[in-house]
Amino acid sequence: EAGVVQSPRYKIIEKKQPVAFWCNPISGHNTLYWYRQNLGQGPELLIRYENEEAVDDSQLPKDRFSAERLKGVDSTLKIQPAELGDSAVYLCASSFRDRGTGELFFGEGSRLTVL
Amino acid sequence: DAKTTQPNSMESNEEEPVHLPCNHSTISGTDYIHWYRQLPSQGPEYVIHGLTSNVNNRMASLAIAEDRKSSTLILHRATLRDAAVYYCILRALSGNTPLVFGKGTRLSVIA
């Protein structure tokens with residue numbers, strides 16, 4: 001079974017440029033998460049989806065960040081315009097609601113460097 | 001969210017057992033104790049979880065104190081591949097509550 005797939009793995013942009021990250025969760029997983037991980041820190045939740053509905057976006061900086069999950073499958077996270085402080089690894093995770101441990105499966109992440 | 005306290009770093013010799021401690025004195029009765037680990041340049045991965053009783057799986061064992069205010073993740077024979085950051089996380093019983101990560105413990109394994 002394929003795991004959570006994210007792209008791109010690495011992205012380098014100049015500040016004020018836009019950037020987008022894509023996530024394909026594990027087939028059948030109806031819950032999708034975007035986390036941000038700064039160097040030396042644990043991941044921090046940005047947004048959580050149940051199917052296509054964003055049920056927790058309280059930590060998403062809405063002035064420059066946006067996310068969507070059309071049809072409740074793939075998701076994109078966009079930053080426009082990027083700032084120097086946005087340099088981080090952006091992690092996508094998925095899980096199957098109400099089954100088993102509710103274990104989260106993470107992708108390898110997208111590392112963003114803003115110059 | 002209830003918080004956990006872990007040492008910043010630990011070191012182990014290869015093929016020796018490793019005991020990774022976690023304190024969670026404010027744990028509530030419905031909080032499960034989850035452990036995830038993050039290998040270099042990878043996303044976190046699930047290790048084990050428990051509520052009250054000790055748990056074993058193919059990766060590790062979880063020992064939970066009787067008062068549930070602390071727990072210990074046990075790797076029975078550390079290998080170089082076990083070098084990672086280990087996160088102890090409390091997660092509510094119901095639904096798909098998100099994981100709230102702390103800084104974790106960075107485990108180094110020496111050959």
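The values are calculated or read from the model by the stated rules, or taken from the named source; none is laboratory data. These numbers come from a predicted model, not from an experiment. A quick note on method: Cβ atoms are made from the backbone with ideal geometry, for glycine too, and the neighbour counts reach across all protein chains shown. We work out accessible area using only protein heavy atoms, side chains counted, and drop any ligands, DNA or RNA first. Shrake-Rupley method; radii C 1.70, N 1.55, O 1.52, S 1.80 Å.
Can you work out ³J(HN,Hα) from phi for every residue in the range A:83-88, in order, using Karplus 6.51 cos²θ - 1.76 cosθ + 1.60 and θ = phi - 60°, giving whole Hz and x for Gly and Pro?
Karplus-based 3J(HN,Hα) across the range A:83-88 equals 10, 4, x, 7, 4, 4 Hz.
For chain A, what is the accessible area per residue in Å² when the probe is 1.4 Å?
For chain A, the per-residue accessible area is 52 Å².
Residue by residue through A:42-53, how many Cβ atoms from other chains fall within 10 Å of the Cβ on average?
3
Between chains A and B, what is the buried accessible area summed over both chains (1.4 Å probe, protein heavy atoms, nearest 100 Å²)?
Approximately 1600 Å², summed over both chains.
Starting at the first residue of the range A:25-35, write each ³J(HN,Hα) from the Karplus equation 6.51 cos²θ - 1.76 cosθ + 1.60 with θ = phi - 60°, in whole Hz, x for Gly and Pro.
x, 5, 4, x, 6, 9, 10, 10, 10, 10, 10
Relative contact order of chain A: what whole-number percent is it, with Cα pairs under 8 angstrom and at least 6 residues apart?
Answer for chain A is 37 percent.
Find the Cα radius of gyration of the range A:1-64, compare it with 2.2 N^0.38 Å by division, and give the number to two decimals.
My calculation over the Cα atoms of the range A:1-64 gives 1.25.
Using the Kirkwood radius built from alpha carbon pairs, what does the Stokes-Einstein equation give as D for the protein assembly as shown at 4 °C and 1.567 mPa s, in µm² per second?
It comes out at roughly 71 µm²/s.
Run a plain Debye calculation on the range B:56-97 (Cα atoms as equal point scatterers, no solvent) and give log10 I(q)/I(0) at q = 0.27, 0.30 Å⁻¹, rounded to two decimals, same order as the q list.
The Debye formula, applied to the Cα set alone, gives -1.10, -1.15.
Heads up, I need the accessible area for B:His49: 1.4 angstrom probe, whole protein in place, Å², nearest 10.
40
Write down the radius of gyration of chain A and its Dmax, each obtained from C-alpha positions, in Å.
13.5, 43
Please work out the FRET efficiency for the pair A:Leu70 and B:Asn56, using the Cβ-Cβ distance as r and a Förster radius of 30 Å; give the result to the nearest 0.05.
0.10
Quick one: order B:Glu45, A:Glu53, A:Glu83 from most to least accessible surface, probe 1.4 Å.
Final ranking, largest accessible area leading: A:Glu53, A:Glu83, B:Glu45.
Where the centroid of each part is defined by its Cα atoms, how far is the range A:1-55 from the range A:69-95 in Å?
4
Determine the shielding of peptide B:97-103 by partner chains: average, over its residues, the number of Cβ atoms on other chains within 10 angstrom of each Cβ.
Other-chain Cβ atoms within 10 Å of each residue's Cβ, averaged: 6.
Counting only residues 5 or more places away or on other chains, whose amide H sits under 5 Å from the amide H of A:Ser87 once H atoms are built in the peptide plane?
A:Val114
Ranked from the most accessible area to the least, with a 1.4 Å probe and all protein chains present, what is the order of A:Phe96, A:Phe106?
A:Phe96, A:Phe106
Could you name the lysines in cross-link range of A:Lys11, using Cα to Cα under 23 Å and dropping any fewer than eight places away on the same chain?
By straight Cα distance, A:Lys11 reaches A:Lys62, A:Lys78.
Determine the per residue accessible area of the range B:39-111 with all protein chains present and a 1.4 angstrom probe, expressed in square angstrom.
Heavy-atom accessible area per residue stands at 48 Å².
Only sites in a loop by DSSP and with at most 14 other Cβ atoms within 10 Å count here; which trypsin sites (Lys or Arg not before Pro) in the range A:30-98 make the cut?
Within the range A:30-98, the qualifying trypsin sites (Lys or Arg not before Pro) (loop, at most 14 other Cβ atoms within 10 Å) are A:Lys62, A:Arg64, A:Arg97.
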